[in-house]
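See structure below.
The values are calculated or read from the model by the stated rules, or taken from the named source; none is laboratory data. Quick caveat: nothing in here was measured; it's all calculated off a predicted structure. Cβ placement follows ideal geometry from the backbone for every residue including glycine, while neighbour counts extend to all protein chains displayed. Ligands, DNA and RNA are stripped out before the accessible areas are found, and what is left, the full protein with its side chains, is counted by its heavy atoms. Shrake-Rupley method; radii C 1.70, N 1.55, O 1.52, S 1.80 Å.
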Amino acid sequence: MGRVGDVTAVESSGSVVRRILLGSQLRRLRESRGITREAAGYSIRASESKISRMELGRVSFKARDVEDLLTLYGVTDEAERDALLGLAREANVAGWWHSYGDVLPGWFQTYIGLEGAASLIRIYEVQFVHGLLQTEGYAHAVVSRGMPGAPRAEIDRRVALRLERQKVLVSERAPRFHAVLDEAALRRPYGDRSVMQGQLRHLIEISEQPNITLQVMPFSFGGHAGESGAFTMLSFPESDLSDIVYLEQLTSALYLDKREEVALYERVMDRLQSDSPGPGESRDLLRGLLQLT
């Protein structure tokens, strides 16, 4: 990926982070004044739910709305107003993934932006190999299995989107990526034998990258800390943006950022990492699986 592409990706991903930062600041300002979401919504000719979506960083910001809210919240200092309005402008930069809007659910667009802006991504996966680590053939098999009867063109678009996402791992500002894959994800076949062999070889190769740590939680360990299922933890370079836990569901997703909830997942991730064989042993496990495939 060239330098221009890297900068564009960083800017568009950063816009999601800026939306969340601005939303959290607006929420703090509103709460410090004891103003309800309903009252705030009334002041900008919108609903309480619109204020909620703004404060969660789920929607773009209109400068007029931000100006009116800042006035309502008693923010009169010009420097402070200008800083927040500048944040609103930057938050509205469209991400590269918007061109995939025909196959990309709205709730997943937020995640892609956060994924691209994170400095550390930690994942646990049990059903299949994580999307950032999938080969094209494996991704095609996963998407086809999940969308029986879908047109070939739509499947190809979804696979292209997945491959585009993977560029974040080799970009100029690539995050640290720490993956724990349950052995079940590696033994469950997607595609034919050659697809699975190619996927296992890819995991062995990519796990050698300096920013990537890959561990396998083997069946032989028995029950383990990941009993609640797959999850992703995202950490960001911005000091005022908390870690986020991402939980994907069938038709939506949950984003957890409350400190006590994140701490629970942090403990689970720490246990998964400490209980799984290290990267070297995990590569040996992958080589053993490759020989059996």
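Regarding GLY137, is this residue part of a loop (DSSP other than H, G, I, E, B), in contact (Cβ under 8 Å) with a residue 40 or more places away in the chain and farther than 29 Å from VAL262 by Cα?
So GLY137 does not fit the description; no.
State yes or no: is ASP156 more than 13 Å from the chain's Cα centre (by Cα), over 27 Å from ASP270 (Cβ atoms) and of a type outside the set (Phe, Trp, Tyr)?
Working: more than 13 Å from the chain's Cα centre (by Cα): yes; over 27 Å from ASP270 (Cβ atoms): yes; of a type outside the set (Phe, Trp, Tyr): yes.
It is true that ASP156 is more than 13 Å from the chain's Cα centre (by Cα), over 27 Å from ASP270 (Cβ atoms) and of a type outside the set (Phe, Trp, Tyr).
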Would you confirm whether any residue within the stretch 85-101 is within 27 Å of VAL66 (Cα to Cα), open to solvent by less than 50 Å² (accessible area, probe 1.4 Å), free of Cβ contacts under 8 Å to residues at least 24 places away in the same chain and within 21 Å of the chain's Cα centre (by Cα)? yes
Out of all the residues in the stretch 168-182, is one or more modelled with pLDDT of 95 or more and farther than 30 Å from ARG19 by Cβ? yes
Can you give me the number of residues within the stretch 218-247 that are at pLDDT below 90, of a type in the set (Asp, Glu) and open to solvent by 70 Å² or more (accessible area, probe 1.4 Å)? 1
Give the residue, chosen from ARG37, ARG122, that is touching a strand residue (DSSP E or B) at 6+ places or on another chain (Cβ under 6 Å) and under 30 Å from TYR265 (Cα atoms). ARG122
Within the stretch 33-45, does at least one residue satisfy the condition of being at pLDDT 85 or above, polar (S, T, N, Q) and more than 30 Å from ASN211 (Cβ to Cβ)? yes
All but one of (1) open to solvent by less than 50 Å² (accessible area, probe 1.4 Å); (2) in contact (Cβ under 8 Å) with a residue 24 or more places away in the chain; (3) farther than 14 Å from LEU289 by Cβ hold for VAL159; which doesn't? (2)
I'm checking my understanding of the structure. Among residues of the stretch 26-58 that are buried (at least 19 other Cβ atoms within 10 Å of the Cβ) and within 24 Å of the chain's Cα centre (by Cα), which one is nearest to GLY113 (Cα to Cα)? GLY57
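Out of ARG152, ARG165, ARG176, I need the residue that is over 26 Å from ASP284 (Cα atoms) and surrounded by 13 or more Cβ atoms within 10 Å (Cβ to Cβ). Which one? Working first, answer last.
Details: ARG152 fails: surrounded by 13 or more Cβ atoms within 10 Å (Cβ to Cβ); ARG176 fails: over 26 Å from ASP284 (Cα atoms).
When all the criteria are applied, what remains is ARG165.
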Of the numbered conditions (1) hydrophobic (A, V, I, L, M, F, W, C); (2) touching a helix residue (DSSP H, G or I) at 6+ places or on another chain (Cβ under 7 Å); (3) open to solvent by less than 50 Å² (accessible area, probe 1.4 Å); (4) within 30 Å of VAL143 (Cβ to Cβ), VAL66 fails exactly one; give the number of that condition. (4)
GLY106 vs (1) under 23 Å from LEU56 (Cα atoms); (2) open to solvent by less than 40 Å² (accessible area, probe 1.4 Å); (3) free of Cβ contacts under 8 Å to residues at least 12 places away in the same chain: all pass except (2)
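Evaluate the stretch 112-132: report whether one residue or more is free of Cβ contacts under 8 Å to residues at least 24 places away in the same chain and out of contact with any helix residue (DSSP H, G or I) (no Cβ under 6 Å at 6 or more places or on another chain).
If we filter the stretch 112-132 for residues that are free of Cβ contacts under 8 Å to residues at least 24 places away in the same chain, which is where we start, we get none.
No, the stretch 112-132 has no match at all.
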Which residue pairs have Cβ atoms closer than 7 Å, lie 6 or more positions apart in sequence or on different chains, and pair a first residue in the stretch 55-79 that is within 22 Å of GLY95 (Cα to Cα) with a second residue that is part of a helix (DSSP H, G or I) and open to solvent by 80 Å² or more (accessible area, probe 1.4 Å)? VAL59/ARG53
A careful count of residues in the stretch 225-235 that are in contact with a helix residue (DSSP H, G or I) (Cβ under 6 Å, 6 or more places away or on another chain) and over 12 Å from VAL262 (Cβ atoms) gives 2
